[in-house]
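Peer 1: Mind looking over this structure? Questions follow.
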Amino acid sequence: MRTIDWVPAEGQSPGHIRLVDQKLLPGTLSEVDVHSVEQLIDAIQDLSVRGAPALGVAGALGVALAAQNLSADSAREVIAKLRAARPTAVNLAWGVDAALAAFDEGGPEAALVAALKVRDDDIAACEAMAERGTELLSRLLPDRPRLNVMTICNTGALAAIEHGTALGVVEKLHHDGRLALAVACETRPLLQGARLTAWELKRMGADYRVIVDSAAASVLARGGADVVMVGADRIAANGDTANKIGTFALALAAAHAGVPFLVVAPESTIDPDTADGGAIEIEDRGSEEVCSFAGVRTTPEGTAALNPAFDVTPAGLITAIVTDTRVIDLGASQVPAHPTEAA
Ligand code: MRU
């Protein structure tokens, strides 16, 4: 099953989008059929579909859907809303732009061909990142035949199409017999780590533990992970990297512990038009997700929250960025390791 895909036209039924409803995981694995761009925008905003590469494919398929169903003017109007549905992951706008350029050149059929290419390229990119990432780990940690890997949020197949980015590397380590333990940060407030990454690790048959986000620094300082691997929503031209809130704290903790910190993301997540992390728009998702849990209020009535969905890890804290075509060495291994916490 793919996280998001195009269902071709059949008989009288026009083509449409089908996606796994990630809100329902880990309890229920079910798919939703999406017949309009408005419905797709809702699915993006309520995180039924999420993760930067999957958002890129959603954007491209959304253009194909609009082009198929609407007049050119109406399509353009709704495509602009789709492009802005979530601001931080550059892949969404990138996927929209790729299919829109094809639409401008060759109409609805060209838009669909371009959207399917975005989908297929993502599948190939994730396979390439898994290869490159595992090779890099062999070079960085030659004396560790089996690795403990810490990660945050969900960067697996659910965040892409068939295989993930950082979790795609973890999956390959597992298949190669090189994964000792995956440590998944739960990822407050929406629990992408506890709900989705744990679900994927369980399906893989990998050995894993979930930790509360605030345990990460201590687990790292006590030698609980050999490497931290995360995904990215937007990588600025200088290497500053936006990813799920908590990633920056994880990078600081990795530097303190002297543990390599790797970002694994496709080239499409690199945004040369954004000079540095300060220019990245950070989505604020409002108070409700923080002030209640599973529908039960956990804060006093009237309490407001700050809820930035992402943070920016400065390039100086990143050891390397692994993409589908290269390894960008940022040299954060130079960050001096602080003495390990007393065990
Ligand atoms: O809010 P989300 O769940 O869309 O956030 C996702 C992340 O932060 C991922 O780490 C990132 O998109 C990379 S996914 C391969």
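Peer 1: Looking only at the range 76-95, which residues are buried (at least 23 other Cβ atoms within 10 Å of the Cβ) and more than 16 Å from the ligand (Cβ to nearest atom)?
Peer 2: Listed by number, the list holds a single entry, Ile79.
Peer 1: Out of the residues in the range 36-47 meeting the condition of being buried (at least 16 other Cβ atoms within 10 Å of the Cβ) and away from the ligand (no atom under 11 Å from the Cβ), tell me which one is farthest from the chain's Cα centre (by Cα). Full working, then the answer.
Peer 2: Pass one, the range 36-47, residues buried (at least 16 other Cβ atoms within 10 Å of the Cβ): 36-37, 39-41, 43-44, 47.
The next check asks that each one be away from the ligand (no atom under 11 Å from the Cβ); those that pass are 36-37, 39-41, 43.
Details: Ser36: 24, Val37: 22, Gln39: 21, Leu40: 18, Ile41: 18, Ala43: 16 Å.
Filtering the range 36-47 for residues that are buried (at least 16 other Cβ atoms within 10 Å of the Cβ) and away from the ligand (no atom under 11 Å from the Cβ), the one farthest from the chain's Cα centre (by Cα) comes out as Ser36.
Peer 1: Just checking, how many residues over the range 120-160 are surrounded by 24 or more Cβ atoms within 10 Å (Cβ to Cβ) and not small (Gly, Ala, Ser)?
Peer 2: Selection size over the range 120-160: 11.
Peer 1: Still on this structure: Could you name every one of the strands (runs of 3 or more DSSP E) located completely within the range 142-250 that has at least 1 residues being at positive phi and within 16 Å of the ligand (Cβ to nearest atom)?
Peer 2: Those strands (runs of 3 or more DSSP E) do not exist here; none qualify.
No value in this document is a laboratory result; all are computed from the given coordinates. These numbers come from a predicted model, not from an experiment. Cβ coordinates were reconstructed from backbone atoms using ideal geometry, including for glycine residues, and neighbour counts include every protein chain displayed.
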